[in-house]
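The values are calculated or read from the model by the stated rules, or taken from the named source; none is laboratory data. Please read these numbers as outputs of a predicted model, since none were measured by experiment. Note that we place each Cβ from the backbone using ideal geometry, even for glycine, and neighbour counts take in every protein chain shown. Only protein heavy atoms, including side chains, enter the accessible area calculation; ligands, DNA and RNA are left aside. Shrake-Rupley method; radii C 1.70, N 1.55, O 1.52, S 1.80 Å.
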Amino acid sequence: MDFTRAIGDTSGGSTNSTAGTSGASGQPIVDLGDRDYTVILKAHGAMMFIAWGVAPFFGIFIARYLKNALGHNWYRLHVFFMLGITGLFTLIGFIIIVLFAPPPHFRTTHAHRPIGLFMFIALFIQIALGFVANHMFDPNRPGVPWWDKAHWWLGRSLFVLGIINVYLGINLFSNYGDINMPLITGLYWAWVVIGFVALLAGNFKIGQKHHMAGNYAAPIDSVESL
């Protein structure tokens, strides 16, 4: 999730002036020529905002509170938001920034880039844990198994890191041109607060739902039925 090629280059014009397509320092894998590099940054930022600042609120709310209400559809919707949106948009956003941003991509003093790399790798583990939890599901289980809890806590950690890293990315983008940082950051954190208020409201109004023996209202289809 490499947002900028260099801090301090605020010329506002085309910022990708290197030639060639080699992976040498200062040269991107794909050269944009005279085209505006900030378009890539905006695309990267938009996809990562949707992936980590929008979709998880919906995916988490559904998985935490709506299991019984939605029956097996809760799983399909959870997969849609967390794999179809968060997973796919993270993959695309990561790829385009690696292709078009001059290296080094992750050797930096700014936290946004290494956090982004860690999240990209950990996301694959989180997705695998989700499919394992679904495959191993037993409606007669007496409690929540460790792999479910691992999926919860890794997901929560990535969610919080994602919220923070999107903000760090916004700060990096501000080095590339004139943007209204107070307005952008204000709108961003207002959205985040609304999302967390909705999650907390669900906790008090609905309560977390677990599928265990004695607390199981509707069957969950296996992943093969998606």
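So which residues in the stretch 83-109 are farther than 22 Å from F159 by Cα and within 11 Å of the chain's Cα centre (by Cα), if there are any at all?
none
Of the numbered conditions (1) at pLDDT 95 or above; (2) crowded, with 19+ Cβ neighbours inside 10 Å, I127 fails exactly one; give the number of that condition.
I127 satisfies all of (1) at pLDDT 95 or above; (2) crowded, with 19+ Cβ neighbours inside 10 Å except (2).
When the stretch 175-186 is examined, which residues are found to be open to solvent by 30 Å² or more (accessible area, probe 1.4 Å) and within 16 Å of M48 (Cα to Cα)?
If the condition is that a residue be open to solvent by 30 Å² or more (accessible area, probe 1.4 Å) and within 16 Å of M48 (Cα to Cα), then I184 is the only one that fits.
Looking only at the stretch 58-96, count every residue that is touching a Leu at 6+ places or on another chain (Cβ under 7 Å) and closer than 14 Å to L199 by Cβ and tell me the total.
3
Does L161 meet the test of being at pLDDT below 95 and either open to solvent by 40 Å² or more (accessible area, probe 1.4 Å) or in contact with a Pro (Cβ under 9 Å, 6 or more places away or on another chain) (or both)? If you could, list the steps in order and put the result at the bottom.
Working: at pLDDT below 95: no; either open to solvent by 40 Å² or more (accessible area, probe 1.4 Å) or in contact with a Pro (Cβ under 9 Å, 6 or more places away or on another chain) (or both): yes.
So L161 does not fit the description; no.
May I ask you to list pairs of residues, at least six apart or on different chains, whose Cβ atoms are under 9 Å apart, with the first in the stretch 124-152 being within 15 Å of M82 (Cβ to Cβ) and the second being among the aromatic types (F, W, Y) and not in a loop (DSSP other than H, G, I, E, B)?
L129/W147; V132/W147; A133/W147; N134/Y75
Can you tell me which residues in the stretch 130-146 are surrounded by fewer than 15 Cβ atoms within 10 Å (Cβ to Cβ) and either touching a Ser or Thr at 6+ places or on another chain (Cβ under 9 Å) or among the aliphatic types (A, V, I, L, M) (or both)?
H135, M136, V144
What number goes with the only condition from (1) closer than 25 Å to S174 by Cβ; (2) buried (at least 20 other Cβ atoms within 10 Å of the Cβ); (3) aliphatic (A, V, I, L, M); (4) modelled with pLDDT of 90 or more that A63 does not pass?
(1)
Taking the stretch 28-46 only, how many residues are surrounded by fewer than 21 Cβ atoms within 10 Å (Cβ to Cβ) and not in a loop (DSSP other than H, G, I, E, B)?
Total satisfying the criteria: 6.
Which condition does K209 not pass, out of (1) surrounded by fewer than 11 Cβ atoms within 10 Å (Cβ to Cβ); (2) in contact with a Lys or Arg (Cβ under 7 Å, 6 or more places away or on another chain), if it passes all the others?
Exception for K209: condition (1).
Among the helices (runs of 4 or more DSSP H) contained in the stretch 65-138, which hold 1 or more residues that are more than 22 Å from F49 (Cα to Cα)?
Working: elements: 67-70, 73-79, 88-100, 112-135.
So the answer is 67-70, 73-79, 112-135.
How many of the residues making up the stretch 71-99 are modelled with pLDDT under 95, open to solvent by 40 Å² or more (accessible area, probe 1.4 Å) and touching a helix residue (DSSP H, G or I) at 6+ places or on another chain (Cβ under 7 Å)?
0
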